[in-house]
Amino acid sequence: MHRVDIDHERDAMEQPPSPAAEQTQLERRKGTLASKFMLVNISSNLLLAYQSLGVVYGDLSTSPLYVYRSIFVGKLQNYQTSEAIFGAFSLIFWTITLIPLLKYVFVVLSADDNGEGGTFALYSLLCRHAKFSLLPNQQAADEELSAYKYGSSGQSTSCLPLKRFLEKHKKSRTILLIVVLLGACMVIGDGVLTPAMSVISSMSGIQAATEHLSHGGVLILSCIILVGLFALQHSGTHRVGFLFAPIVTIWLISIFLSGLYNTIFWNPKIVSALSPYYIVKFFKETGKDGWVSLGGVLLSIAGSEAMFADLGHFTATSMRIAFPFFVYPCLVVQYMGQAAFLSKNIDSIPNSFYNSVPDSVYWPVFVIATLSAIVGSQAVITATFSIVKQCNALGCFPRVKIVHTSKHIKGQIYVPEINWILMILTLAVAVGFQDTTLIGNAYGLACMTVMFITTFLMALVIIFVWQKSVALAIPFLLLFGLIEGIYLSSAFIKIPQGGWVSLVLSFAFLTIMFVWHYGTRKKYNFDLHNKVPLKWLLGLGPSLGIVRVPGIGLIYSELATGIPSIFSHFVTNLPAFHTVMVFVCVKSVPVPFVPPEERFLIGRICPRPYRMYRCIVRYGYKDIQRDNGNFEDLLIQSIAEFIQMEAVEPQLSSSESPSFDGRMAVISTRSVQSGSTLLVSEEDFGISNSIQSSKSLTLQSLRSAGDDENPQMRRRRVRFRLPENPGMDPAVRDELSDLIDAKEAGVAYIMGHSYVKARRSASFMKKLVIDIGYSFLRKNCRGPAVALNIPHISLIEVGMIYYV
C-alpha cells in the first residue's frame, strides 16, 4: 500500500502542470518583477530628489534672507503696516504657487530634450521640428540619430502657416536666436549677481549680532568668501557635492521650524493671508508704489529656472517629488513666519530674517545660511559653465578651454577663462554697490527675463513639438506671460537703481555671441559657395597631379559635404601629398548627446583609386570632446569597416549621380572595437605613430623628452594587420593594405590658418563687426587645433584669406 501511494505521488509530481497553472505562475512572476521594478524606480527617484536639493534649490531656498527687505525699501517705506505685510506675504505665496509650482513643475518639466532642460534644450527641439537653425550644416543623416526623433512625429495642420512663415523669413529665425542668446546671457548674468547677492545677505547676520562690526568689515569678509569660492572651482563640484544636499536639507528644515515657531508665537492670523483677497487689498492701499515693489516680490522665485536648467542631472519625477512635497512647504511656512513676526515688529524689516530667528539657535542658523548661500552660488556658477559650453557647441561663443572635472558625472565642467571673468565681475558688483537691494534689482531683472523667455519658447514647443493647437498655446502664453510681464515691467522700473547692471552684462555677452555667430556663419557660407569642383579633381587623376607619399593626411574642414576651397591651396602650395586623404568634419548637431555607436559617418570621395574619404564626427551640444588618444585608431578601423561594408552592400558604391560624393554610412565605434575588419595588436610606446615613422631623430628625441616629463601621457601604440581571409575581394584587400601601410607611415593633421576680412564693398557696420570684432575674438580665443585636441607636432597649417 505504501509503495502504491508513493508511486502515485511520484507520478503526480512528474506530470506537467496544466496550461492554467502555467499562466497563473507566469502572472505571479510578472507581478513580482513589476513590483520590484516599481520599488527600484521609486527608491531611485527618491534618492535623486534628495540629491537635487543641494544642486537645484540652493539659490531658491536662500531667498528668504532678503525678500521682505527688498519689498519694503524705497517707496513702500511709507506703507510699513501689518496690512501691507499681510498683502506682501499673499503676493509671495501666490507667486511661488503659480510660477515654480504650476508652470515649471506641471508644464515646463515635460518639455525636456532627451532628459535635458534649459533654453537651449527648447531651442534644440524647435530646430529639429522646424528649419529654424541658421547654420546650414545639417544633413539628412542627422535625422536618423536615435536622439533626434524626440516628441510627436506627426504634423498638426493648424501650425503649418506659422511654421512656413518662420522658416521663410530669415529675420524671424534671427530674432528667435537672439531671444535664446539673450536668455543665455541673463543666466551668465545670474552667475555674476547670485554669488554677490547670496553671500553678502548671509554675512549680514554677523553685523546684526555684532554691533562693533561695520558694513565695510562685512563686505571684506564677503569678498574673501567669494574669492575662495571661485578659486576652488577647478576642483569640481563632485568633490564637495556630497555635502550640498545635507546642507540645503538642514537649511530648509531650519527655516521651516523657524517659520512655524514665528507663526504660532507672533501672529497665527497670518494664515488668513493665503487668500488672494489680501493682494487686492494691498494694491488698493499702495497703488502704483505696490506695483513698483513687485521687483522685490519676484526675488522669492529667483532660482526657479534651475529646476528646468539642471534637469539633465536628475529626472522630472524627482523634481516633482522634491519641490511640491518638501521645498515648497518649507518656503511657504518660512515666509509666513517672517510675515507673522514683522506684523508685530515693523522696525525689524531691514534685517527681517535674522531678527526673526530665535536667539537660542541664532548662530547655528547663521552658519547654515552662509553654507547654503555658498551652495546656491556654486550651482549657478556651474550652470553658467554649462551655458557657455552649449553656446560654444552651437557656434555662438568663442572657443574656450573646457575641463571635465568628473569622470562619472556628465555635465560637471570647469571653464577657467569664464571662471576668472565671473570672479572679477562679481567682486566689482559687490564692492561697487555694497547694498543687496541694488544688487537684488539687477538680479530680479535677470531672473524674470529668463522666465519670460522660457514661457515664450514653451509656447512654440507646445505648437511645433507637441503638435497641439494654437488655441492651447495662447492661454498658456497669456496666463504666464501676463504674470511675468507685470513682474518684468516692475523690474524695468528699477533699472536706474541697479537694474542696469543686468542689461550691461547681457548686452556685452550678447554682442560677443552674436558677433562670433555672425562671423562663423559668413565663413561657412564662403566655404559652401566656393567648394572645389569634383570634375577638377577627377580631371587630375588619382595622383592629383602631384607626388603621393606614404601616410595619412587628415584634412579638417567645417564643411559636411563637398571639398573646401582651401584644399586647392594645399594642392597648389604643397609639393607632395599623402597616399590616403581623409576630410574630417567635427560638427555639433541639435541633440544633447550623440551615442558613441552613432558618432562616425564615413563616406568616399572620388573613385576607389583616389584613396580619398570623408569622416564626419558628430557631437551633441552637451557632449564633451575628450582626448582619449585613440581617435586615429578608431578612424582607421571605421574606414576599414566602411571599405568592407561597401564591398558587401553594393548600394554604397553605386549611385545614380556620378558625383562620387555624399554617400555616407554610420559606423558604430562599439562594433568596430568588438569585431573589427582588421586585426589589432597593442604595445606600450611613448612616441606617437606620426613621429615614430619620421626619419628625423630630432623630432623623436623631442617627443621622447616630452613623454619622460609627462609619463601619464604615454600612449599605447596600435598596429593593424589584415586577417587571413582567402575569400576577400582582391580590390578590397589592396585598399585595406594601402590603408594599413599609410597608417604605419604616419598621420598628419592639415588645417587652414584662415583670416576673415570684410569685402571692400561691405558696409561700415559689417567691416566693424568682421574686421574688428570677429578678428579680435579669433585672435584671443583658443585655436581650432587646440580645441580639437590635435597634436601640435603633427600639425600642418596653410594660410588663406576669406573675404566675406
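Structure values in brief
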read-out: Tally, over region 74-100, of residues that are crowded, with 19+ Cβ neighbours inside 10 Å and in contact with a Pro (Cβ under 8 Å, 6 or more places away or on another chain); value: 1
read-out: Among the residues listed as ILE566, ILE474, ILE546, the single one being surrounded by fewer than 16 Cβ atoms within 10 Å (Cβ to Cβ) and modelled with pLDDT under 85; value: ILE546
read-out: All positions within region 254-271 that are open to solvent by 40 Å² or more (accessible area, probe 1.4 Å) and part of a helix (DSSP H, G or I); value: PHE256, LEU257, LEU260, TYR261, ILE264, PHE265, PRO268, LYS269, VAL271
read-out: Qualifying residue in region 730-746 (condition: farther than 13 Å from ILE643 by Cα, assigned to a loop (DSSP other than H, G, I, E, B), open to solvent by 70 Å² or more (accessible area, probe 1.4 Å) and in contact (Cβ under 8 Å) with a residue 12 or more places away in the chain); value: no
read-out: Any hit, region 484-499, residues being under 28 Å from PHE132 (Cα atoms) and free of Cβ contacts under 8 Å to residues at least 12 places away in the same chain; value: no
read-out: Candidates ARG608, ARG548, filtered to the one that is of a type outside the set (A, V, I, L, M) and in contact with a strand residue (DSSP E or B) (Cβ under 6 Å, 6 or more places away or on another chain); value: ARG548
read-out: Count of residues meeting criterion [surrounded by 15 or more Cβ atoms within 10 Å (Cβ to Cβ) and farther than 16 Å from ALA340 by Cα] in region 272-281; value: 2
read-out: First in region 267-293 and more than 13 Å from SER82 (Cα to Cα), second anywhere and among the charged types (D, E, K, R) and in a helix (DSSP H, G or I), Cβ under 6 Å, 6 or more apart; value: ASP289/LYS75; VAL292/LYS75
read-out: All positions within region 614-665 that are in contact with a helix residue (DSSP H, G or I) (Cβ under 7 Å, 6 or more places away or on another chain), open to solvent by 20 Å² or more (accessible area, probe 1.4 Å), modelled with pLDDT of 75 or more and in a loop (DSSP other than H, G, I, E, B); value: LYS622
read-out: Single unsatisfied condition, THR119 versus (1) among the β-branched types (Val, Ile, Thr); (2) more than 30 Å from LYS284 (Cα to Cα); (3) more than 18 Å from the chain's Cα centre (by Cα); (4) buried (at least 24 other Cβ atoms within 10 Å of the Cβ); value: (3)
read-out: Matching entry among ALA442, ALA430 (being surrounded by 17 or more Cβ atoms within 10 Å (Cβ to Cβ), assigned to a helix (DSSP H, G or I), touching a Gly at 6+ places or on another chain (Cβ under 6 Å) and modelled with pLDDT of 90 or more); value: ALA442
read-out: The lone exception for SER133 - which of (1) within 18 Å of ASN392 (Cα to Cα); (2) modelled with pLDDT of 85 or more it fails; value: (2)
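The values are calculated or read from the model by the stated rules, or taken from the named source; none is laboratory data. Model, not experiment: these values are computed from the prediction. Positions of Cβ are generated from backbone atoms using ideal geometry, with glycine treated the same way; all protein chains shown enter the neighbour counts. Calculation scope for accessible area: heavy atoms of the full protein, side chains included, ligands and nucleic acids excluded. Shrake-Rupley method; radii C 1.70, N 1.55, O 1.52, S 1.80 Å.
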